[in-house]
Amino acid sequence: MWFSISNRNPIESSMIKDLEVNPADNQAFVTYNNGARYLYTGIDEDDMFDIMFGEVKSFGKWVNKACKCDDVSSFQLCG
């Protein structure tokens, strides 16, 4: 089940337009302000907990820490 974090937590971001997460599968769907869209898979459970329960103050910092690391797979989505 996907949750729209950007709707639940109105953080203004200079990098992230929309952030959705699927905690059951440790995935995040990120739409960047430039229009690029990525699916990240294999996110650490602690990072998922933090984003789900409001421990995050910056979406961009969370994406850089939780999604752009060696253990996480990323897939750019078209269209």
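The values are calculated or read from the model by the stated rules, or taken from the named source; none is laboratory data. Source: prediction; values computed, not measured. Neighbour counts are summed over all protein chains in view; Cβ atoms, including those assigned to glycine, are modelled from backbone coordinates with ideal geometry. For the accessible areas, the whole protein counts, side chains as well, though only heavy atoms, and no ligand, DNA or RNA atoms are used. Shrake-Rupley method; radii C 1.70, N 1.55, O 1.52, S 1.80 Å.
Considering region 40-67 alone, what residues qualify as being assigned to a loop (DSSP other than H, G, I, E, B), at pLDDT 95 or above and at negative phi? Write out each step before concluding.
Kept after step one, since they are assigned to a loop (DSSP other than H, G, I, E, B), are these residues of region 40-67: 42-44, 53-58, 67.
Within this subset, residues satisfying the condition of being at pLDDT 95 or above are 42-44, 67.
Residues satisfying the conditions are 43, 44, 67.
Looking only at region 58-79, filter to residues that are open to solvent by 50 Å² or more (accessible area, probe 1.4 Å) and touching an Asp or Glu at 6+ places or on another chain (Cβ under 8 Å); which one of those is farthest from residue 4 (Cα to Cα)?
Restricting attention to region 58-79, the residues satisfying the condition of being open to solvent by 50 Å² or more (accessible area, probe 1.4 Å) are 61, 64-65, 68-71, 73-79.
Cutting the leftovers down to touching an Asp or Glu at 6+ places or on another chain (Cβ under 8 Å) gives us 65, 71.
Working: 65: 19, 71: 23 Å.
Taking the candidates together, the pick is 71.
Scan region 1-39 residue by residue and report those that are closer than 19 Å to residue 65 by Cβ, of a type outside the set (A, V, I, L, M, F, W, C), part of a strand (DSSP E or B) and open to solvent by 30 Å² or more (accessible area, probe 1.4 Å).
Passing the criteria: 17, 18, 20, 27, 38.
Among residues belonging to region 40-57 that are open to solvent by less than 40 Å² (accessible area, probe 1.4 Å) and either of a type outside the set (Val, Ile, Thr) or in contact (Cβ under 8 Å) with a residue 60 or more places away in the chain (or both), point out the one that is farthest from residue 68 (Cα to Cα).
Among them, the one singled out is 54.
So the check is Cβ under 6 Å with 6+ separation or different chains; which pairs have a first residue in region 8-30 that's over 15 Å from residue 53 (Cβ atoms) and a second one that's open to solvent by 50 Å² or more (accessible area, probe 1.4 Å) and in a loop (DSSP other than H, G, I, E, B)?
Pairs that qualify, where the first residue is over 15 Å from residue 53 (Cβ atoms) and the partner is open to solvent by 50 Å² or more (accessible area, probe 1.4 Å) and in a loop (DSSP other than H, G, I, E, B), are 17/33; 20/2; 22/2.
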